[in-house]
Structure formats: structure tokens, C-alpha cells
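Visitor: Sharing a structure here in C-alpha cells format.
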Amino acid sequence: MSLSCPCGLSLPYEQCCGKFIEGNDLPQTPEALMRSRYSAYTKANVGYIAKTMRGEPLADFDPQDTLAWLQQVQWEGLKVIQTKTKSEKLGFVSFEARYNVNGEKQAICEKSEFHKIDNQWFYVGGKMLNPNKKW
Ligand SMILES: [Zn+2]
């Protein structure tokens, strides 16, 4: 599985999320941005996480706190549950991200909202989903 990207797709990281995280390309869909943000979390790349957000999530974002938290987290996988593109500038991605903190299994289940601003997709907010739903 060494050839697969942290986001779960069977592509080398450099050809998948890596090209976005390294700044060589821009994600063309909300799902591609969402996957690259997950991969950035697995690499503790808070700079990329910050620069792909706008609005409230960015205002609430604390890079130091996030980095401290990420030092204790082992990421176990991403499952994209549903993607919906409402218009050329508005999209939603529902996902579950599984991780482990000090041996305790946890998950983030969220319906994320993405806006396209100046030809680039950004994460602008999310709603928690029921984490007990199986996938
Ligand atoms: Zn990827």
C-alpha cells in the first residue's frame, strides 16, 4: 500500500494530494480539496490547512494548538461518504476521518461546505454528522 496516497486513493502521493499540498496544482473539485486537506493533516502541514480555509474555520484556527494535537494523532483512514456540487461555486463533501489518540479510536464525521473564491476551492464550514453510522 506504499503507493497509495494518505487520502486512500490508489495513486502515489505526488500524483494525488501531494501536487496540491506542494503548491504545484489547484484542486478542481471540493472532494479533491477535502482529500488534500486530510492528507495535510496526516503530514501535520498546518500551513496548507490554514491556506485552504476561509471565514469562520480560518478565524477559529490555531496553528500551534493544531500542531500540538497532531503530534498525538495517528490517522487511520478517510472515507468520503457523499459529494454534492450545488453550483460552480458551492459544494459539499460528507466524510469520516478515523484516527487514534493515545490508543483510543476516534472519528470525525462531518458534512463540509466548500466555496470557490477567485477560481479556487476553500473549506468554509462544516456540520457534524452522527459518528455512530457504520461505513
Ligand atoms: Zn490523495
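The values are calculated or read from the model by the stated rules, or taken from the named source; none is laboratory data. No experiment lies behind these values; they were computed from the predicted model shown. No Cβ is skipped: glycine too gets one built from the backbone with ideal geometry, and neighbour counts run over all protein chains shown. For accessibility, only protein heavy atoms count, side chains too; no ligands or nucleic acids. Shrake-Rupley method; radii C 1.70, N 1.55, O 1.52, S 1.80 Å.
Visitor: Would you mind listing the strands (runs of 3 or more DSSP E) fully within segment 58-133 where at least 3 residues are among the polar types (S, T, N, Q) and modelled with pLDDT of 95 or more?
Guide: Hits in segment 58-133: 73-87.
Visitor: Right, next: Anything in segment 41-82 that is farther than 19 Å from Gly103 by Cα, over 14 Å from the mean Cα position of the chain (by Cα) and among the small types (Gly, Ala, Ser)? List them, or say none.
Guide: Passing the criteria: Gly55, Ala59.
Visitor: Taking into account only those residues within segment 1-15 that are assigned to a loop (DSSP other than H, G, I, E, B), open to solvent by 30 Å² or more (accessible area, probe 1.4 Å) and not polar (S, T, N, Q), which is nearest to the ligand (Cβ to nearest atom)?
Guide: Among residues in segment 1-15 that are assigned to a loop (DSSP other than H, G, I, E, B), open to solvent by 30 Å² or more (accessible area, probe 1.4 Å) and not polar (S, T, N, Q), the one nearest to the ligand (Cβ to nearest atom) is Leu9.
Visitor: Within segment 16-34, how many residues are in contact with a strand residue (DSSP E or B) (Cβ under 7 Å, 6 or more places away or on another chain), open to solvent by less than 50 Å² (accessible area, probe 1.4 Å) and within 13 Å of the ligand (Cβ to nearest atom)?
Guide: Total meeting the criteria: 3.
Visitor: Let me ask something else. Quick check on segment 35-51: of everything there that is out of contact with any Ser or Thr (no Cβ under 9 Å at 6 or more places or on another chain) and of a type in the set (Lys, Arg), which residue is nearest to the ligand (Cβ to nearest atom)?
Guide: Arg35
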